[in-house]
Amino acid sequence: MSSKQIPTLSRRELLAMIGTVAGSAVSYRAMASMGLIEESTYNGPVKLEGSPKGASVLILGSGIAGMVSAMELRNAGYKVKVLEYNNRAGGRNWSIRGGDVYTELGGFTQKCEFDKGLYINPGPWRLPYNHHGILDYCRRLGVALEPFVQLNYNAYVHNTQAFDGKPQRYREIAADWSGQVAELFSKVTKQKKLDELMSAHDQEALLESLRSWGALDRNLKYVPGRESSNRRGYEKPPGGGLDAAPIYSKDFIDLPDILHSGLWSAIGTAEAFYHQTSIFQPVGGMGRIGEAFGRELADVIQYNSKVVKIHQDNDKVAVTYVDPKTGGNPRTVTADYCLCTIPLSVLSQIELNVSPQMQAAINAVPYSASVKVGLQFKRRFWEQDEHIYGGITYTDMPIGNIGYPNTDYFKSGKGVVLGAYVHGRNAFEWTAMSPAERVRTAVELGSKIHPQYKDEFENGVAVGWHRVPWTLGCAGSWSEEARAQHYENLCQIDNRFLVAGEHASYIPAWQEGAVTSAIDAITRLHHKVVNS
Amino acid sequence: MNKMKMQGVVAAVLLSTSAVAMAAEPDAAEGKKVYTTICQGCHMPDAKGAVGAGRYPALANNPKLAAKQYPMMMIVNGSRAMPSFARMLAPDEIAAAVNYVRTHFGNHYPDVLTTAEVKAVLPQKSDYERH
């Protein structure tokens, strides 16, 4: 923007005026109303006012979207019933614990041999502070939460093609990267190369901020000393008593080496809105949320029910379901409305009469591939040997991550890590392996980061989402074209039928998408019922 | 970068040469590799598919494979539970996979799908959203 235009009051100037005159609370609301602050789309428990006039809603699927819908519609006076394929509530909100048996498509059966209290979350594993909806349901259902460590400065970043394949501490990469970039930028500024872009006054402030951000010394240099060691760590940290003076760290990693290693990508990952502190996890496993919902809705969920046909007419919706194991014993249940949370990968194969536009939308969303592997070790060597307490190591190997347990710190005995969280083409390849092969490969690759793997590994569990019998994939995978063409058609109420779930949201694969989609769907449905 | 491009050209030349030399059974090893490392994730090692809440169709003894364009378009475009592999697999991998399933698992269709035929139908699509 040119500064030589006719002066008008900018949005920023207007807000500054409002802030000065009326105080920050008014300013905040003004900013929100002008779209400068992204408010959550979740605004507290949904209020469905007005009588549903005895209407009934049949909900398909007891994942997060289905159970939010069931709970709220029941509270609003609807007659609700939930049909669920599995013999448990939660859907992808799921923890596998010691003793659990899981059979994937193809008949591959695993019995989890983890010790008591240890678990793996094959699906979602974190609850960002800004996902107000799912967090509010945890609060309302009494699900205890604890911190999830997304960014651990002492965990590793690893590229097989950089630093001779040796894992690097995130702390050192981050400090040396920002320190040297800040020094470079300071140098350019002092060489007057920014004079055309910034006033001298602004440049002074810029230099001060670079000094702080990059841990530069008073000469704006990133050099061995108090400032840099305070970021990247010491060669010998300060202690107490005699011979306790610190030795500053001096073996910095050269900027070009960092740049070409690609390891800086972990810095951006850690900064993402959904990865920012604070993040939570349910105590005892993500599955605790689904279990709590399941208890709340015990009298309305019917398990072991595989939906095979959904037919609506002007008076009602009739849903036919069978026994998932035998495919037999067909039964039909009717209701005034049907809210369907079945994943589109499955729903697209179920006989259904809706508009061609909605059917096209249901057929248009492929599901992403993802594989997670949980590994049990004899001892918590990542804590005992390497001082890594929770958090995530990132690698370019197909395992993608090593996720350390964010609970039970310093405990003696066994521990379970997320040994692989595989995406993209690698995830399809890992899905094509047998579960035992996935575990074996995760151990083999992980041992390049933690050599202790080979001695300490005991057993593992692996879930490839395209082989999960009730989802046929991980999560709805939208492209820009599919969004433009199909998203609104997917979210319509088609006579007496509508869908909800993470697939009907702009945050697919996150539970918040399921919650906000469900609340939007039942709010619109309720409006229709009350006004019909 | 230039070096990588050069290697790519050399590899492409070598590939096309070997394809001519092995015209009797084109890219069977490649087809098997794609099938066992990708396709069997859903269609299963025996190509008999699987049934859960939804299903993955069997490729074994499947008359729909009679026209080579059908499996090609399924792989390129996807449909329902089947994702598009247009951006994940190279055209020669797609051709090899199609030729492999059409000549294995009880299927006996001798006509061959070429890499050029696959390239001709590859759409220019944007990436899926990340999550």
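The values are calculated or read from the model by the stated rules, or taken from the named source; none is laboratory data. All of these numbers come straight from a predicted model, not from anything done at the bench. Ideal geometry is used to build each Cβ from the backbone, glycine not excepted, and the neighbour counts take in all protein chains shown. Each accessible area value is taken on the protein alone, full model and side chains, heavy atoms only, with ligands, DNA and RNA left out. Shrake-Rupley method; radii C 1.70, N 1.55, O 1.52, S 1.80 Å.
So the values come out like this:
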item	result
Label zone at A:ASP217, where the point sits 7 Å out along the Cα-to-Cβ direction: segment A:233-255 residues whose backbone N lies under 17 Å	A:233-236, A:246-253
Candidate residues A:THR41, A:THR523: accessible-area rank, largest first, probe 1.4 Å	A:THR41, A:THR523
Relative contact order [Cα under 8 Å, 6+ residues apart], segment A:170-261, whole percent	32 percent
Potential lengthening between A:THR41 and A:SER199 on full extension [0.36 nm per residue; Cα-Cα distance subtracted]	52.9 nm
For A:LEU83, net neighbour charge (Lys/Arg +1, Asp/Glu -1) across residues whose Cβ lies under 11 Å away	+2
Charged-residue dipole, Cβ positions (Lys, Arg, Asp, Glu), the protein assembly as shown about Cα centre, Debye nearest 20	740 debye
Relative contact order for chain A, counting Cα pairs under 8 Å that sit 6 or more residues apart, in percent	20 percent
Mean separation of Cα contacts under 8 Å (6+ apart) over length of segment B:25-121, as relative contact order %	30 percent
Accessible area of segment B:25-121 divided out per residue, in Å², using a probe of 1.4 angstrom	44 Å²
Added length on full extension, which subtracts the Cα-Cα distance from 0.36 nm per residue, A:GLU480 to A:VAL308	58.8 nm
Structure-based [θ]222 nm, the protein assembly as shown - -39500 (n - 2.57) summed over DSSP H runs of at least 4, per residue, nearest 500	-10500 deg cm²/dmol
Sequence-distant lysines (8 or more away, or on other chains) whose Cα lies within less than 26 Å of A:LYS250	A:LYS166, A:LYS187, A:LYS190, A:LYS221, A:LYS236
Zero-based 10 Å bins, Cα pair distances in segment A:440-496, whole percents	17, 23, 25, 15, 14, 5, 0
Cα-based reach from A:LYS309 at 23 Å (exclusive), listing lysines while leaving out same-chain residues under 8 positions away	A:LYS79, A:LYS81, A:LYS325
A:ALA245-A:TYR409 FRET efficiency (beta carbon distance; Förster radius 25 Å; 0.05 resolution)	0.25
Area of A:TRP430 that stays accessible when all protein chains are in place (1.4 Å probe, Å², to 10)	10 Å²
Whole-percent carbon and sulfur share, accessible surface of the protein assembly as shown, 1.4 Å	55 percent
Net charge over other residues, Cβ less than 14 angstrom from the Cβ of A:LEU344 (K, R count +1; D, E count -1)	+2
B:TYR70 paired with A:LEU184, simple spin-label distance in nm, labels 7 Å along Cα-to-beta-carbon	5.6 nm
Simple spin-label estimate for A:ASP323 and B:MET88 in nanometres, 7 Å along Cα-Cβ	3.5 nm
Added length on full extension, which subtracts the Cα-Cα distance from 0.36 nm per residue, A:GLU49 to A:ASP455	140.1 nm
Computed FRET value (nearest 0.05) for A:ARG440 with B:LYS119, which takes r as the C-beta separation and R₀ as 35 Å	0.45
Interface area, B with A, accessible, probe 1.4 Å, both sides summed, Å² nearest 100	2800 Å²
Spatially proximal lysines relative to A:LYS372 (Cα-Cα < 16 Å; intrachain offsets below 8 disregarded)	A:LYS111
For segment A:170-261, convex hull volume per residue from C-alpha positions, Å³	101 Å³
Heavy-atom surface of segment A:60-141, accessible at 1.4 Å and reported per residue (Å²)	35 Å²
A:TRP213 accessible area, assembled protein chains, probe 1.4 Å, Å²	110 Å²
